[in-house]
Structure formats: C-alpha cells, structure tokens
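A short worksheet on the structure shown next.
The values are calculated or read from the model by the stated rules, or taken from the named source; none is laboratory data. These numbers were taken from a predicted model, which means no experiment stands behind them. Cβ placement follows ideal geometry from the backbone for every residue including glycine, while neighbour counts extend to all protein chains displayed.
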C-alpha cells in the first residue's frame, strides 16, 4: 500500500469512527444523566436489583432472538448491493415474520424460566413473578432487533442515529418519573416501557422506509431458514457472554449483597461505556469492510491492523483521562455512595487498552464465517471472566473485581491472537506494536499516579500524562492522514464567504 492509500485508509477509519462514536457519545451523556438520577433514587441496592433483572432479560432475549439482528444484515445487504428491490422487499417481510416468531418464543421462555431465573439470580425473596412480568420486554426487543437489522442493511445510518438518540431520551423521560414515585417497585414497569418506546421509535423509521406488507406472506418462514441457521450459530456466543454476566452478578449477590452488585455494575458500565464510543463503529463500518476481503488473509490482516491502530490512537487519551478523573466522575455521575467503586474501575479501565487490540482480531473469525471457532473462543473467554472476577473478589474485595477483569481481558487477547496467528497467519503491524508501546506505559503510569497519597501531585501527574497521550495521538494522526489539510481547506472556504 502506498503512502496516499495509507492516508485514505486511516482517514476513512477515523471518519466513521468519529461519526458513530459521536452519536454514541451523545447517547452516553443522556444515559449518564439517567443513571445519575436513578442512582440517587434507588441507591446501590436498587441499582443492583435493576442490574440483575436487566441482565436476565438481555440473556433471555439473546437466547431466543434467533440471531436475526445479525444474520439478516448479511442477506439484506447482498440484495441491496445488487439492486434487487423486489427480492429485498420480500426478504424484509421474511425478517419481520421471523421476528414475530422470535418474539413469541422469547415471551414463552421468559415465563417458563421464571422460577429457574429466580433461583439462579437471587438468594433471598421470590422474584419469579418479576421475571414473568418482564416477558413482554423480551418480545419487544425481538421485534426491535429485526427492524434495526433492516435499517443497518439498507444503510439508513441517519435513521439509526436518530432512533438511538430518541430511545435514550425516552428512557430518561420514562424512568425518572416512575422511579421518583415508586422507587424499587417501578423497576419492572420501567424495563417494559423502555423496551416498548424503543420498539415504537424503531418501527416508525423502519416502516417509513419499508412499509409493512401483509400480502404474499405464504412460505416466508421456510425461505428464512438459512438466515436463522446462521443467526443461531452467532447467538450461541452471545448467550455465553450474557450468561456469564448474569452468573457473575448472581454469584456476587450470593457471596456479598445487592450493594456490591450495584457497585460492580456501576464500575463495569463506566469502563465499558466510554470505550464503547470508539468500539461502536466496528459493527457498522469495520465488520462490513473486513467481510469484503475475507478471502484474502493478507488484506484482512491489513484491515484489522488499521482498525487497531486507529482505535488505540483515539481511545488511549480517553482512557488515560478517565483513570485520573474517576474520583470526580463517579460522585458526579452517580452519588457519594458509589465512591468505593473508584479503585475497582481504575484497574478495569486498563483492560480497555487490551480490548482495543482484541476486538478487531476477533472479528476476523466472524468475517470468515468460522462460527464454531468464534463460539469456542467466546465461551472460554466468558468462563475466564467469571473465574477471574470472582477470584479477584475473594482475594481483594470489590477492587479485586477490577483486577479480575484485567486478567480476563489479557487472557482473551492471548487466546484470540494465538488462534488468528495460527489459522489466518495474523501478525500485528509495526504501527500496532509502536502505538501500544507508547500508550500502554502511559496508561500504567496514570494508574500508578492515582496511588500517590498527595492528591495535588497525583492530579498534576495525571493531567500531564493525559496531555502527553493526547499529543502523541494527534501527532501520529497528523502524519498518517490528510484530515488536517481537508479541515484547513474547509476553514479557508468559510473565511472567503
């Protein structure tokens, strides 16, 4: 690849990472406002209860949605790119028919599994009725998944962004009044109403682009079997991940209490949420590009390395800042009751450096359609996460759960890299190694600075390290892309006007 092509490649990845990351960032801000108010109204124990119920609903949803939200994208995209409007519209009807099947299946499973979920998730009280009442939420999520897949496959990116923003705003407007009036008893209604609002918003935009057609539905389910088979292979890994999260929170609840579950969940959300601003671009932009070159291992390696390099450059300064700012961020976003989670979250943030490297490599297995291998890798990673986090808790308490997350992500990186290197001859580029060598020590130094007893000195060191990380990333981006020149040209045009 010559210099100009390299710059174009970097520019493309940066552009779409910025677009989708910006939308995600706005969603995060609104979501954090909701979490702040929720934390004040429910407290750590109430947040823990909501976390257990939400993770259980997500687990059932992923186990029963037939993978339509993923597999439908592949099939519709092919028809969309071919310009086969008639075939695409028919397949959209197939997706909607199977979404209804998944919705009914999800409801029935949630109702039937209520007693089992209660025994697994809670060591006190009887919450079986809560799980049964949440069954409509599972059905609504299945319909939303199908319609979201349609929007993604047909490149309705603006509609997707608007749907995400309105959904988060709706969740804020729904949850705050109900929690204010009913506190803990409002948790189940909030989950259901939030799922309903998201479905309605998504359906409005999806039906506007592709209206619902009830005619010609004969034989639709039979035609969608290939899509379902692909989806089921994909969701098996999702089941393991969601199941691990649910099991982990249940074990923490059994060994400790809901306060610990709520604190752990707050730290986990803080860690994953911020880095998610960058990682959100991978499914929408990176995965389709990677899939397009899945027949060429060399091209896949180049595409993956470009994504890792850009992800490290963008996410590293954010993570450095987050590590040093968490003592201020946690009370601001939650309440003073959540300050015990700060040491745990500061360690857990370190794992996101590893995540920036792991995710692009992990997508190579999906792009190759090696679903069985992906399932095995995800299962081993999920099992390690449960073992490491629980081991960390038993050794070091809440702070140890952060160390456990770091250990589990290091294991995941080692596992996935070994597989990709062995099967696809993947090797990290010089850029990946260089950027990791620059930013990982800065992140470690930022964490070590938080252990200094002198608050002022710790803050000064943290700010300095954040500035160094930011400057390093900006310098590399300046050298690797032509975005700065494009920005200058636009500013000149505006000035002439």
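Put simply, of 339, 418 the only residue that is surrounded by fewer than 19 Cβ atoms within 10 Å (Cβ to Cβ) and under 23 Å from residue 325 (Cβ atoms) is 339.
Could you tell me whether residue 261 is crowded, with 19+ Cβ neighbours inside 10 Å, over 16 Å from the mean Cα position of the chain (by Cα) and modelled with pLDDT under 85? Spelling it out, it is not the case that residue 261 is crowded, with 19+ Cβ neighbours inside 10 Å, over 16 Å from the mean Cα position of the chain (by Cα) and modelled with pLDDT under 85.
Across the stretch 360-383, the number of residues qualifying as within 26 Å of residue 341 (Cα to Cα) and surrounded by 20 or more Cβ atoms within 10 Å (Cβ to Cβ) comes to 2. Taking the conditions (1) over 21 Å from residue 50 (Cβ atoms); (2) more than 21 Å from the chain's Cα centre (by Cα); (3) modelled with pLDDT under 90 in turn, residue 179 satisfies each one other than (1).
One residue stands out among those in the stretch 167-176 that are at pLDDT 85 or above and either more than 19 Å from the chain's Cα centre (by Cα) or crowded, with 19+ Cβ neighbours inside 10 Å (or both): the one that is farthest from residue 204 (Cα to Cα), which is 176. Does the stretch 14-23 include one or more residues that are within 26 Å of residue 106 (Cα to Cα), touching a helix residue (DSSP H, G or I) at 6+ places or on another chain (Cβ under 9 Å) and either modelled with pLDDT under 80 or in a helix (DSSP H, G or I) (or both)? Among the residues of the stretch 14-23, not one is within 26 Å of residue 106 (Cα to Cα), touching a helix residue (DSSP H, G or I) at 6+ places or on another chain (Cβ under 9 Å) and either modelled with pLDDT under 80 or in a helix (DSSP H, G or I) (or both), which makes the answer no. Of note, residue 415 satisfies the criterion of being farther than 17 Å from residue 349 by Cβ, under 25 Å from the mean Cα position of the chain (by Cα), assigned to a helix (DSSP H, G or I) and modelled with pLDDT of 95 or more.
Among the residues of the stretch 68-112, count how many are surrounded by 20 or more Cβ atoms within 10 Å (Cβ to Cβ) and at pLDDT below 85. Result for the stretch 68-112: 7.
Would a scan of the stretch 65-74 turn up a residue that is over 23 Å from residue 233 (Cβ atoms) and touching a residue at least 24 places away in the same chain (Cβ under 8 Å)? No - not one qualifying residue is present in the stretch 65-74. All of 56, 119 fail the test of being touching a helix residue (DSSP H, G or I) at 6+ places or on another chain (Cβ under 7 Å) and in a helix (DSSP H, G or I), apart from 56.
When the residues of the stretch 421-437 are filtered to those that are part of a helix (DSSP H, G or I) and in contact (Cβ under 8 Å) with a residue 60 or more places away in the chain, the one that is surrounded by the most Cβ atoms within 10 Å (Cβ to Cβ) is 435.
Taking the stated definitions as given, is residue 394 over 20 Å from the mean Cα position of the chain (by Cα) and assigned to a loop (DSSP other than H, G, I, E, B)? Criteria not met by residue 394. Residues that are closer than 23 Å to residue 339 by Cβ and surrounded by 21 or more Cβ atoms within 10 Å (Cβ to Cβ) within the stretch 384-397 comprise 389, 392, 393, listed in sequence order.
Is there a residue being under 19 Å from residue 210 (Cβ atoms), under 23 Å from the mean Cα position of the chain (by Cα) and crowded, with 19+ Cβ neighbours inside 10 Å anywhere in the stretch 129-143? Scanning the stretch 129-143 turns up at least one residue that is under 19 Å from residue 210 (Cβ atoms), under 23 Å from the mean Cα position of the chain (by Cα) and crowded, with 19+ Cβ neighbours inside 10 Å. Filtering the stretch 152-166 to residues that are surrounded by 22 or more Cβ atoms within 10 Å (Cβ to Cβ) and modelled with pLDDT of 85 or more leaves only 163. Residue 489 meets the conditions (1) buried (at least 18 other Cβ atoms within 10 Å of the Cβ); (2) at pLDDT below 85; (3) more than 28 Å from the chain's Cα centre (by Cα) in every case but one. The failed one is (1). Residue 443 falls short on exactly one of the conditions (1) touching a helix residue (DSSP H, G or I) at 6+ places or on another chain (Cβ under 8 Å); (2) farther than 22 Å from residue 308 by Cα, and that condition is (2). On inspection, residue 356 passes the criterion of being at pLDDT 90 or above and under 30 Å from residue 474 (Cβ atoms).
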